[in-house]
Amino acid sequence: MNTILLDLLAFGSVLSGILVITSRNPIISVLFLISVFVNVSCYLILLGINFIGLTYLIIYVGAVAILFLFVVMMMNIKLVELTEVNQKGEYTNTLPLGAIVGSLFLYELAFQPVPSSVSGMSSTIYNLFDEINLLSVNTSFKGTAFNSAGIEAYTSFNNLWDNAFTSFQQLESVGSSLYTVHMMFLIIASMILLLAMIGPIVLTHKPTKRLH
Amino acid sequence: MNLSMVLFLIGILGFILNRKNIILMLISIEIMLLAVTLLIILSSFSFDDILGQTYGIYVIAIAGAESAIGLGILVAYYRLRGSIAIKS
């Protein structure tokens with residue numbers, strides 16, 4: 001039952017995505033974009049990733065798609081200007097590039113040169129990463145008395161890190177890693193959001209002429 | 001993995017094949033960002049790791065900032081030119 005629903009949602013999102021890029025009217029394509037986001041967020045919620053699914057609903061459907069809809073309706077473009085675009089041979093110019101990129105992606109999907117799951121990956125890659133981690137710990141503590149203590153700290157830190165999350169809910173663990181360890185990235189993201197608030201104001205602000 | 005790859009393919013084909021409609025190009029960028037975030041989140045979920053969701057939140061925030069700045073540039077361009085055709 002659950003897998004049928006997941007397949008249905010995936011199919012719906014792919015179908016809506018195809019309808020986004022093929023429809024002539026930009027308002028219709030923005031509405032299908034909302035349909036893609038709703039399908040994907042339902043997919044994530046059904047898988048058990050609740051917080052990100054709800055965030056998709058709030059941010060994409062509530063903010064980004066409505067912003068697109070406002071801009072499309074505000075600019076009041078004549079529909080003729082948009083529909084005559086694809087009929088003058090411009091479409092066939094870009095078709096070979098699209099075919100090349102599409103065939104590359106289909107090769108990736110069909111033959112899977114990169115393993116897509118843990119079970120398909122050989123264990124030597126894990127061991128390689130572990131060796132690299134131990135090597136970096138060893139070299140950073142080299143020459144000091146912490147040479148064996150470095151390895152001890154590395155492994156015990158990892159164990160503590162794993163144990164701290166086992167009793168958490170999903171949202172608690174997201175918040176715990178967001179506000180403690182990755183605090184700097186949160187500050188950088190807030191700077192980027194401030195830039196995104198000031199930038200469109202500066203861009204679209206029309207200064208009034210003053211007479212001296 | 002297949003769902004996000006197909007969504008990314010749809011986004012990149014929409015970006016390539018519609019060269020003159022700039023709103024559709026921005027929408028295709030949104031679809032590509034959605035596909036990449038979905039791939040990160042699903043991979044981290046299958047690894048039973050929480051850092052992927054943290055990273056997904058950052059990608060969502062930066063995608064919102066990107067779409068706001070892109071639409072601001074689009075509105076300013078429309079005021080200057082009077083139309084949004086890329087090649088005239």
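The values are calculated or read from the model by the stated rules, or taken from the named source; none is laboratory data. The model shown is predicted, which means the values in this text are computed figures rather than measured ones. Cβ: placed from backbone, ideal geometry, glycine included. Neighbour counts: every protein chain shown. Just so you know, the surface numbers come from the protein's heavy atoms only, side chains and all, with ligands and any DNA or RNA stripped out. Shrake-Rupley method; radii C 1.70, N 1.55, O 1.52, S 1.80 Å.
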Here, A:GLU108 and A:VAL181, labelled 7 Å along Cα→Cβ, have an inter-label distance in nm of 2.7
Phi angles of the range B:49-60, converted by Karplus (6.51 cos²θ - 1.76 cosθ + 1.60, θ = phi - 60°) into ³J(HN,Hα) in whole Hz with x for Gly and Pro, give 10, 9, 5, x, 5, 4, 5, x, 5, 4, 5, 5
Taking B:PHE8, A:PHE129 and ranking on accessible area (1.4 Å, protein atoms only), highest first, one gets A:PHE129, B:PHE8
Of all chymotrypsin sites (Phe, Trp or Tyr not before Pro) in the range B:32-88, the ones in DSSP coil with at most 16 other Cβ atoms within 10 Å are B:PHE47
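Please list A:VAL137, A:VAL20 in order of solvent-accessible area, largest first, computed with a 1.4 Å probe with all protein chains present. Please list the in-between numbers first.
Values: A:VAL137 25, A:VAL20 0 Å².
My answer, sorted largest first, is A:VAL137, A:VAL20.
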For A:LYS209 and A:ASN50, extending 7 Å from Cα along the Cα-Cβ vector and measuring point to point gives, in nm, a value of 5.9
Once all protein chains are kept in place, B:VAL75 shows an accessible area at probe 1.4 Å, nearest 10 Å², of 20
Honestly chain B on the Cα gyration tensor test (a ≥ b ≥ c root eigenvalues; a/c under 1.5 rounded, otherwise a/b vs b/c for prolate or oblate) is just oblate
With a Förster distance of 51 angstrom and the Cβ-Cβ distance between A:VAL202 and A:LEU128, calculated FRET efficiency to the nearest 0.05 equals 0.60
